[in-house]
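First comes the structure, then the notes that go with it.
All of the numbers you see were taken from the coordinates with simple rules; none came from a lab. Model, not experiment: these values are computed from the prediction. Heads up, the Cβs are rebuilt from the backbone with ideal geometry, glycines too, and the neighbour counts pull from every protein chain shown.
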Amino acid sequence: MTLRQYTLLLLLTGLSTTVALAERVKDIASIEGVRSNQLVGYGLVVGLDKSGDSSTSSPTSRQSITNMLKRFGVTLSETDLKQLKAKNIATVAVQAELPAFAKPGMAIDVTVASIGDAKSLRGGALLMTPLKGADGEVYAIAQGNLVVGGMAATGKDGSNITINNPSAGRISNGALVERVVPTPFSDSDTLVFNLNRADFTTATRMAESINKMLGQNTARPIDASSVRVNSPSDLGQKVSFASVVENINVEMDEAPARVIVNSRTGTVVISNKVRVTPAAVSHGSLVVTIDENINVSQPNALSNGQTAATPSSNVNVKEEKNRMFAFKAGVSLDDLVNAVNQVGAAPSDLVAILEALKTAGALHAELIII
């Protein structure tokens, strides 16, 4: 990233200094209790082309096959179990997300990932797998043919090639919902909207916007992240009422003053509320270079001396002549970037300057390192 591109990235954060941002309630908040739930299960994928689990390194595969066969009345002896090598089968973990208000019979997507040492799940089919929630109850049943985006191939000489990840795949509409998750949506005569980002000003403005549209005392903020709204008791009217509230526009408050630094990529983002009190900054780089050369000392043939290596060092010190620059009281984001650009500071140099200003108490912003 060049310094010009880097400066543009910083300036983009300050373009909306005076522009009021109006967002819909549904874009900045969610209704309390209306949420998705995570499901997980353990199953078998069959029909693989000798790319499944090996019986020696994955004993769970052999045990799972044995348990499955017992359910259908097939009993294997101990000798048969030891000789069981079904490499067309793989043990897998199945996961899905159960959306809010999902009803029995509705289909949801599932993700299947190998647990053992299966090389590829390509071409496999998942057998009927119960999916359980955090409470241990079964909420969906998964089954179907996998779609795997990855591929793996191995030659007889040991050479192999792998594209993406062949040990994981998805089944679109691969699970049917069997149980309803109760929600508090229909249990009370109020709705609580939780903000995605807690902010006292935004919560207050949200309540004011709802009251302006639906009448006074309809909504009131509970805290920085929640607003309680009185709603009809009738379920049909409550659904329509929630739809109206979700589409009310709220004037968002500007984000707090923050400087976010990504130490891995060198990216720095400065919000437009960052201010700097009077401070003088001088930033320069000191470069020390040491060159080592080895010379060989060869004594005269008539002398009693011995051949020896004599090191020769050349030390150079170079310091960039960067000038000192000063920040005036309450400078804006544009002034901060322009002042740093005057001395030609690179992104890594800007991070050092910001950390020094924060330590000195001149930077009025939260410095976040990610």
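When 359, 66, 91 are sorted by how many other C-beta atoms sit within 10 angstrom of their C-beta, beginning with the fewest, the order is 359, 66, 91.
With neighbour counts taken as other beta-carbon atoms within 10 Å, the residues 72, 193, 185 rank, fewest first, as 72, 185, 193. Estimated from the Cβ-Cβ distance and a Förster radius of 56 angstrom, the FRET efficiency linking residue 369 and residue 66 is about 0.60.
So, counting K/R as plus one and D/E as minus one, what does the shell of residues with Cβ under 12 Å around residue 39 add up to? With Lys, Arg at +1 and Asp, Glu at -1, the net is -3. Legend: ranking of residues 209, 226 from fewest to most surrounding C-beta atoms inside 10 Å; resulting order 226, 209. Using 19 Å as the Cα-Cα cut-off, could you pick out the over-long pairs in 26/238; 70/119; 103/132; 87/132; 26/273; 26/212? Over 19 Å Cα-Cα: 70/119; 87/132; 26/273.
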